[in-house]
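For reference, the structure is listed below as structure tokens.
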């Protein structure tokens, strides 16, 4: 569904991606993580054809995105972090814009708006930023495009709104598409992601399924530093008097807490090499060196 080979891209004379390669062959919800400036938003724009690669090959759903073919544009939708909605009501937006997407569902759009508590008769200029973001998300989901790109979708949403977003992402109609979510809000998404991508130094440092990571890593909170695991410790941070940690899972050792994306993100960012080495033998985990165990 997505194939990237030898991608080079940057801004001005500064290269952001250098020989970046990655692929997606099956539907799922992919979380794209990386430190500030790692190119997460840029990657989404390259995939939908808003930017042109310097070098390399990008194929999405069988198309070259930058050619902006009509059939391609009808199959991809992007929700950018900064967005604009015309001064219409939600119903008017569906009538005027929904026709560009062959699988757009007015019934689903109405349902999503209800779940997200978006006023259907109000014009967008009268709405808060959070309500506008919810309307944009509802429309994006209702397009039912095979590929949906979302850049920081939970920014601007309150706690209730973030829960509503997760509820919609768990619905069965989302399971047949590829959803790529670029985010720093790891905790908001850990319960809905099927895969994660970690971008570092212009390359895809890690691509793995969430269940595989859970089988390979253990996380928890130790009462003291002395109570930390003695074997396979990869990352630790103080939580008051306690210590949160990430470690390699050791056979025969009781399982600790569930996978925590925020802790995993910190471990990958601050102890990258040790984390990638520990994950190099995980089934389906691809490192920057291209090893696929």
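The values are calculated or read from the model by the stated rules, or taken from the named source; none is laboratory data. What you see is a predicted model; the values in this text were computed from it and never measured. Cβ coordinates were reconstructed from backbone atoms using ideal geometry, including for glycine residues, and neighbour counts include every protein chain displayed.
Here are a few things to note about the model shown:
- Take the conditions (1) surrounded by 14 or more Cβ atoms within 10 Å (Cβ to Cβ); (2) under 23 Å from residue 24 (Cβ atoms); residue 115 misses just one of them, which is (2).
- When segment 170-188 is limited to residues that are buried (at least 20 other Cβ atoms within 10 Å of the Cβ) and under 18 Å from residue 33 (Cβ atoms), the one that is modelled with the lowest pLDDT turns out to be 188.
- Within segment 23-39, the residues that satisfy the criterion of being out of contact with any helix residue (DSSP H, G or I) (no Cβ under 6 Å at 6 or more places or on another chain), over 14 Å from residue 186 (Cα atoms) and surrounded by 16 or more Cβ atoms within 10 Å (Cβ to Cβ) are 24, 28, 38, 39.
- Residue tally, condition free of Cβ contacts under 8 Å to residues at least 40 places away in the same chain and under 21 Å from the mean Cα position of the chain (by Cα), over segment 10-25: 2
- For segment 2-14, a residue qualifies if it is surrounded by fewer than 16 Cβ atoms within 10 Å (Cβ to Cβ) and modelled with pLDDT of 90 or more, and the qualifying residues are 3, 5, 6, 8, 10, 11.
- Within segment 150-165, considering residues that are over 18 Å from residue 44 (Cα atoms) and touching a helix residue (DSSP H, G or I) at 6+ places or on another chain (Cβ under 7 Å), the one surrounded by the fewest Cβ atoms within 10 Å (Cβ to Cβ): 158
- Within segment 135-157, not a single residue is under 27 Å from residue 24 (Cβ atoms), free of Cβ contacts under 8 Å to residues at least 24 places away in the same chain and in a loop (DSSP other than H, G, I, E, B).
- Residues of segment 230-241 classified as outside any strand (DSSP E or B) and within 17 Å of residue 271 (Cα to Cα), total: 2
- Filter result for residue 262 (in a helix (DSSP H, G or I) and assigned by TED's automatic domain parsing to the domain that holds residue 274): yes
- Hey, residue 116 at pLDDT 95 or above and within 30 Å of residue 70 (Cα to Cα) or not: no
- Filtered by the rule that a residue be free of Cβ contacts under 8 Å to residues at least 40 places away in the same chain and in a strand (DSSP E or B), segment 173-188 gives no residues.
- Count of residues meeting criterion [in contact with a strand residue (DSSP E or B) (Cβ under 6 Å, 6 or more places away or on another chain), in a loop (DSSP other than H, G, I, E, B) and surrounded by fewer than 21 Cβ atoms within 10 Å (Cβ to Cβ)] in segment 189-222: 3
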